[in-house]
Amino acid sequence: MASSQLRRCMKILRYLHGHGGSSTKDVHNEILADDDYTSVELRQIQRDLSALEGEQLLESEQVGKDNYWSVRKEWRNVLPETYRGNQLLGLYVLKSYLTQFKGTQIGKDVSDLINKIEGHANGDVFLLSVEHTVGRIDTSRLSDDIILKSVNAIRAGRWVTVSYYNQSENALKTYPVFPCRLFTFNGELYLIGYNPKYINYNALALRNIASITELDSPPRGEEDTHIFDEAAFTRERFGVFADIPVCVRLLINREEAQFFTNRIWHPSQVFSKTETGDTILEMQVPLSPELTTWILGWKQYVRVLEPQKLINDILDDVDKIRELYVKKKG
């Protein structure tokens, strides 16, 4: 085999390692995308594929007039993979986020995956962002049983009964939900579950879940499965708690305007400039504790224009904070 053909064959193997079931034309297009192989003809690729099949490296299935190629099963864990720059960065990001589960059963199970990633993205180049490290939940204190049951319930796509400790009411409540996703917010790990009683999604902190039990059949009037509506889940939240979205308008000081306009705060956000150079941020979001806390965190750089209820909530919180530091005159 000539050196040029050998190089092409190695490229073909690497491509099919991650794109099993590709047609001969797909493989040819992949080769042509490389500046070194722009003159390679389809019949050359056909000969390369046949040679690799003859060496027991590839297997093919004929569909119509074309063959569809895959790396033979016994070679799939042996062949090296190559990654583009953005894919390599993705591996480093993935590795850093997996460390969030350190100390849990999931953390133990994914250690092998981290070791495999280490072979392609060795060392550490990505520090998990501060927003995920300062004050984040200690996942080693979470119940391994609850974590695994949450994952299994989502994968199975079955209705479950959840017993959940409601902190505001200081009570343990039990109700049916359809588990949809896990997500994190401010370092807390949540289970998103569709609650048929409220025709909406619950964000259940895993640390407050006492038990998860699979149901034999869906609740009365419900389908066997629920299709997760990610857009609806995001639209009705600014953080964790859900409510009816309202129009919120904020005046952003021009000193911080660029910081705000370069970020996505909510899918509904719209920015506009004022004559003074300040920026107005308008969003359709629910009034929630996360929203008021977020606004207060920006101190004098963000002012609520509307609604009035949000202004009142901010002022009430400011008064309560002031009371903590200013002694009342007796």
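Structure notes:
- Residue pairs meeting the criteria (Cβ under 7 Å; at least 6 apart or on separate chains; first without any contact (Cβ under 8 Å) to a residue 24 or more places away in the chain, in the stretch 33-57; second among the hydroxyl-bearing types (Ser, Thr, Tyr)): 46/24; 53/60
- Among the residues here, residue 212 does not qualify as within 27 Å of the chain's Cα centre (by Cα) and at pLDDT below 90.
- All strands (runs of 3 or more DSSP E) inside the stretch 142-230 with 1 or more residues being of a type in the set (D, E, K, R) and under 18 Å from residue 241 (Cβ atoms): 171-185, 188-195
- Just one residue in the set 291, 281 is of a type in the set (A, V, I, L, M), over 23 Å from residue 179 (Cβ atoms) and assigned to a strand (DSSP E or B); that residue is 281.
- Taking residues in the stretch 306-320 that are closer than 11 Å to residue 248 by Cβ and in contact (Cβ under 8 Å) with a residue 24 or more places away in the chain, and partners anywhere that are part of a helix (DSSP H, G or I) and of a type in the set (A, V, I, L, M), the pairs with Cβ atoms closer than 9 Å and at least 6 places apart or on different chains are 310/291; 310/295.
- Being among the polar types (S, T, N, Q), modelled with pLDDT under 90 and either in the same structural domain as residue 167 (by TED's automatic domain parsing) or in contact with a His (Cβ under 9 Å, 6 or more places away or on another chain) (or both) holds for only one residue in 195, 186, and it is 186.
The values are calculated or read from the model by the stated rules, or taken from the named source; none is laboratory data. The structure displayed is predicted, hence computed values, not measured ones. Ideal geometry is used to build each Cβ from the backbone, glycine not excepted, and the neighbour counts take in all protein chains shown.
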